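The values are calculated or read from the model by the stated rules, or taken from the named source; none is laboratory data. Given the structure is predicted, the values throughout are model-derived calculations rather than measurements. A quick note on method: Cβ atoms are made from the backbone with ideal geometry, for glycine too, and the neighbour counts reach across all protein chains shown. Accessible surface is based on the protein model in full, side chains and every heavy atom, while ligands, DNA and RNA are left aside. Shrake-Rupley method; radii C 1.70, N 1.55, O 1.52, S 1.80 Å.
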Amino acid sequence: MKFDMILVHAPSVYDFRHRDDVLFAYLSNSDSVHVSPIFEMPPVGILAINQHLQRCGFTCEFFNVASQMLRHPDFDVELFFKNAPADFLGIDLHWQLHAHGALELFRLYKEIHPSAKTVVGGIASTYYHQELITYPQVDYVVRGYDTLLPVELLMKAGNSPDLLSQIPNLTWKSDGEVHINPMTHIPRVYSAAVDWTKVISNDRKGMTPYNLVIPQAGCEYNCRWCGGSRYFFSKYMGLDKGVARIQKSAEALQAELRTIAQASPGGQTVTMIDFWHEYPTLFQLATDVFLDDKIECVHFSLHRLPTVEKGRMMAAPARAVIELSPDSHDLEVAKASGRGKYTMQEMEDFIDALIDNVYSFEIYFMLGLPKQTAANIMETVDYCSHLLKKYEGKRVTPYVCPMLPFLDSGSEIYDHAETWGYTIFHRTLEDHRRALLSMNWRDRLNYETQWLSRDELVNTSYQAVRELTLIKEKYRILPKGIARSIVERIDSTRGFLKEIDHYQQMPDGPNKEIAGIDIRKKILAYNRDQFRSNRSQQRPLDFGFSRQQWFDTEEAFDQVMSASPVVRRDMIVGLGDVAAV
């Protein structure tokens, strides 16, 4: 079996299943959504690239190795790579928290297939492209957004230096010499649409029930902690100053949404949409698709409050979940973080007007923001208590989410840390790669603020989530048994972290060696328990998501591992034609 390219999503830490020196602690991944600390949910752009290359006639397949490793403890990555020779291996490094896993998979694949070329792309890859290309296991870095064309040109160029030098946005090396091609591929129409019928099985068996549909590259908002902000896209992605976002064509977005309904005849599809409602030309097209009875629920992620009339329109076609992210109840803190577009009273007025129309509201507050003290965070928890009391019996649920484990590289705060009261501990990609192997997740944090040290951020995060859990028990959002199990896990984890600190502070010698054996046994047992189930604040019950897949199927893995032919060269029609508009 031979591929032109395989695309792979790596775990955060490659050998996480066997690490007894890294604690994957509860809450260390912020616990806000149902992904584990290995972050097995890939960016959807890698799916678009995979389908684009298939349309171009290449034998290409996407493999979510992170998800497979989590689902199957006996999955052999080395054997899989041996059975999947390819001319190119592509791995997303969209967030720096994959620095260890991505680089280790590149290294392993190169050892097995020395002639293969390796390609990396994504937001973090764009920021760190000059450092990435110095790693011996990395051959090419594709910078920028919507990189379907540059990747296609790279595949067609082979190893020709003349052709490689003409590929936009490409950082590459030849005979040890590094070349940085100009970033001239800056599309004005976002073409990276996904045909979901090619991603999910018809019965969705074993699939995590989310399809993430993103209608634009870039963002008009400037949340100062975000690596996908207007600031980042203007400075690092080549967008003109002041250009907020590059949207998909209406036809491409509508076609993508329709494939979700086509792919799930059982009506269990949940769709997440960001920003689409802010495009007047897309709003009606999208809501028309949501009328399809095969789309059961739609999540709307809103940065600003739309009109109540538009809110009712969102709620009409399908069961609607509206996600609001004010960041902080304190308007001064929210504005310092780049949000603060509405007061809490305005938010409550919006909820009040739609409480009988919208299925549920989810309110997300972030911890680790400028001007945010420990006392201010607990005031946010008090405000959450107010919301739960006011909307008792209604589906209005607040969450507090620590900004973990990293502040985004290239965000405004990261680039101008002192201006915003931050200290940055990890500046290079190698810094982040090494930090991911810290025994205590406090030491993985790449920042602290003048208001909260890393120790204080860890402790306040646990305190805030613990207190909010008990409040949710009080107002019957959480059953007593579930709430108590969360509290017990928080308390036991905090105690274990103190034990780890005590061990690390011991002087070297026989006593530390003996203590280290015990600590490592406990870490391994804790991690295995953590990976057996994947509960989050959003989904405190174990729905088995840790045994389900993010955006891939078992079929492709089975074909590779059995060394049987893989047939995925079929031309994707319909959406493929529209996506190129």
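Describe numerically, in nm with one decimal, the distance between label points set 7 Å from Cα along Cα→Cβ at VAL189 and at LYS335.
Distance between the two pseudo-spin positions: 4.1 nm.
Assuming 0.36 nm per residue, please report the length gained on full extension of the stretch GLN130 to ASN357 beyond their Cα-Cα distance.
Residue separation times 0.36 nm, minus the Cα-Cα distance, leaves 76.7 nm.
Taking H placed 1.01 Å from N in the peptide plane, check which residues at least 5 places from PHE63 or on another chain put their amide H under 5 Å from its amide H.
LEU7, VAL8, HIS9
When ligands, DNA and RNA are left out and all protein chains stay put, how many square angstrom of accessible area per residue does segment 467-514 have with a 1.4 Å probe?
62 Å²
Mark the label point 7 Å from the Cα of GLU499 along Cα→Cβ and return the residues of segment 411-440 whose backbone N is within less than 20 Å of it.
Residues 438-440 fall inside that zone.
Starting from the Cα of ASN159, step 7 Å along the direction of its Cβ; do the same at ARG427; then give the gap between the two resulting points in nm.
3.7 nm
Straight-line reach from LYS198: which lysines fall under 25 Å, measuring Cα to Cα and dropping same-chain residues less than 8 apart?
Those lysines meeting the cut-off are LYS2, LYS156, LYS248, LYS294.
Taking a cut-off of 24 Å between Cα atoms, list the lysines near LYS474, but don't count ones fewer than 8 places away on the same chain.
LYS389, LYS390, LYS394
Ranked highest first by the average count of other Cβ atoms within 10 Å around their residues, in what order do 511-518, 111-118 fall?
111-118, 511-518
For the chain, which whole-number percentage of the solvent-accessible area (1.4 Å probe, protein heavy atoms only) is attributable to carbon and sulfur atoms?
Percent of accessible area from carbon and sulfur atoms in the chain: 50.
So for each of 129-136, 306-313 I average, over its residues, the number of other beta carbons within 10 Å; can you give me the resulting order with the highest mean first?
Top of the packing list down: 129-136, 306-313.
What is the distance, in nm, between label points placed 7 Å from the Cα along the Cα-to-Cβ direction at LYS173 and at LYS2?
2.7 nm
State the cysteines of the chain left without a partner when partners are defined as other cysteines whose beta carbon lies under 4.7 Å away.
Within the chain, the cysteines lacking a partner Cβ under 4.7 Å are CYS56, CYS60, CYS219, CYS297, CYS384, CYS401.
May I ask for the net charge around THR380, where only other residues with Cβ less than 10 Å from the Cβ of THR380 are counted and Lys, Arg are +1 while Asp, Glu are -1?
-4
Roughly how compact is segment 331-429, stated as its Cα Rg over 2.2 N^0.38 Å to two decimals?
Here the answer is 1.27, to two decimals.
Counting only helical runs of four or more DSSP H residues, what would the 222 nm mean residue ellipticity of the chain come to if each run contributes -39,500 (n - 2.57) and the total is spread over all its residues?
Counting only the DSSP helices, I get -12000 deg cm²/dmol.
Taking only protein heavy atoms into account and a 1.4 Å probe, give the accessible area per residue of segment 121-166 in Å².
The answer is 36 Å² per residue.
How much length is gained if the chain between ARG395 and SER485 is pulled fully straight, taking 0.36 nm per residue apart and subtracting their Cα-Cα distance, in nm to one decimal?
Here the segment from ARG395 to SER485 would lengthen by 30.2 nm.
Enumerate the whole-percent occupancy of each 5 Å bin, from 0 to the last occupied one, for all C-alpha pair distances of segment 384-518.
That works out to 2, 9, 14, 15, 15, 14, 13, 10, 5, 2, 1, 0, in percent per bin.
Restricting the count to DSSP beta bridges whose residues both fall in segment 304-455, what percent are antiparallel, rounded to a multiple of 5?
20 percent
Restricting to the chain, what percent of DSSP beta bridges are antiparallel, rounded to 5?
Restricted to the chain, the bridges split so that about 20 percent are antiparallel.
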